[in-house]
Amino acid sequence: MISSGMTKEEETIKFANIIHKEGVRLLGQIDSIINLSHLEEKSLESDYEALDIYDIIETILSQLKFRASDKNVKLNISREHYEFRGNRRMIEELIINLVDNGIKYNHENGSVDVIIRKKDKSLSITVKDTGIGIPIKDQNRVFERFFMVDKSRSKKVQGTGLGLSIVKHIVEYHGGSISLKSELNKGTEIEVLLPI
């Protein structure tokens, strides 16, 4: 309709905005699928380096603070510095996915806490939110590719169902483990253990 000149100017702007928004969403989905397939094939270079997890998380929280402020969600981090060896880009993506979920599925005036600590010979990164939570029946499936918890519970939230699947693959790539605790309307806590 736009290309044939059948729309009025205000309709053209409206349709163009819809097309742009959907285009960006599809590009994000394609990018996530490509990243996931690379992780599954383990075709990314190891590229391990010494990383300070506190510095990485602090940088990511400062990038996400504007998104959090839209919902009045507070972002907090425990002030512990631990070094470990890992792929920087993957670890950044892992943290972004977990914190972004904590913001997206949170209540207005909620919070997302990132807790760093050492557990035996592992680095523990816990992301805990005060959000809508995940039903018990879905908790075993949230790390599956394309799985999304009932959309009617969070209609305004757009997602691909790939974020936690990517997180799981990154954790496995680093030889770690991931666990989840969640309670409806009280929040979700995801702990990642990475070998030091």
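The values are calculated or read from the model by the stated rules, or taken from the named source; none is laboratory data. Worth saying up front: this structure is predicted, and the values here are computed from it rather than measured. Here Cβ is always computed from backbone atoms with ideal geometry, including for glycine, and neighbour counts include all displayed protein chains. Heads up: the accessible areas ignore ligands, DNA and RNA and are worked out on the full protein's heavy atoms, side chains in. Shrake-Rupley method; radii C 1.70, N 1.55, O 1.52, S 1.80 Å.
Worth pointing out:
- Tally, over the range 23-63, of residues that are modelled with pLDDT under 70 and either farther than 23 Å from residue 164 by Cβ or not in a helix (DSSP H, G or I) (or both): 5
- Residue check for residue 85: surrounded by fewer than 16 Cβ atoms within 10 Å (Cβ to Cβ) and touching a Phe, Trp or Tyr at 6+ places or on another chain (Cβ under 6 Å): yes
- Pairs with Cβ under 9 Å, 6+ apart, first in the range 59-82 and open to solvent by 80 Å² or more (accessible area, probe 1.4 Å), second of a type in the set (S, T, N, Q) and part of a strand (DSSP E or B): 74/111
- In the set (1) surrounded by fewer than 19 Cβ atoms within 10 Å (Cβ to Cβ); (2) within 20 Å of residue 169 (Cβ to Cβ); (3) over 13 Å from the mean Cα position of the chain (by Cα); (4) of a type outside the set (Lys, Arg), residue 120 fails one condition alone, (2).
- Long-range neighbours under 6 Å by Cβ, at least six apart or interchain, first residue surrounded by 20 or more Cβ atoms within 10 Å (Cβ to Cβ) within the range 177-196, second assigned to a strand (DSSP E or B) and among the aliphatic types (A, V, I, L, M): 190/127; 190/180; 192/125; 192/178; 194/123
- Among the residues of the range 99-148, those identified as outside any loop (DSSP other than H, G, I, E, B), hydrophobic (A, V, I, L, M, F, W, C) and out of contact with any Gly (no Cβ under 8 Å at 6 or more places or on another chain) are 99, 103, 114, 115, 116, 123, 125, 136.
- For the range 88-117, the set of residues classified as surrounded by 15 or more Cβ atoms within 10 Å (Cβ to Cβ) and either farther than 22 Å from residue 171 by Cβ or touching a His at 6+ places or on another chain (Cβ under 7 Å) (or both) consists of 106, 107, 110, 111, listed by residue number.
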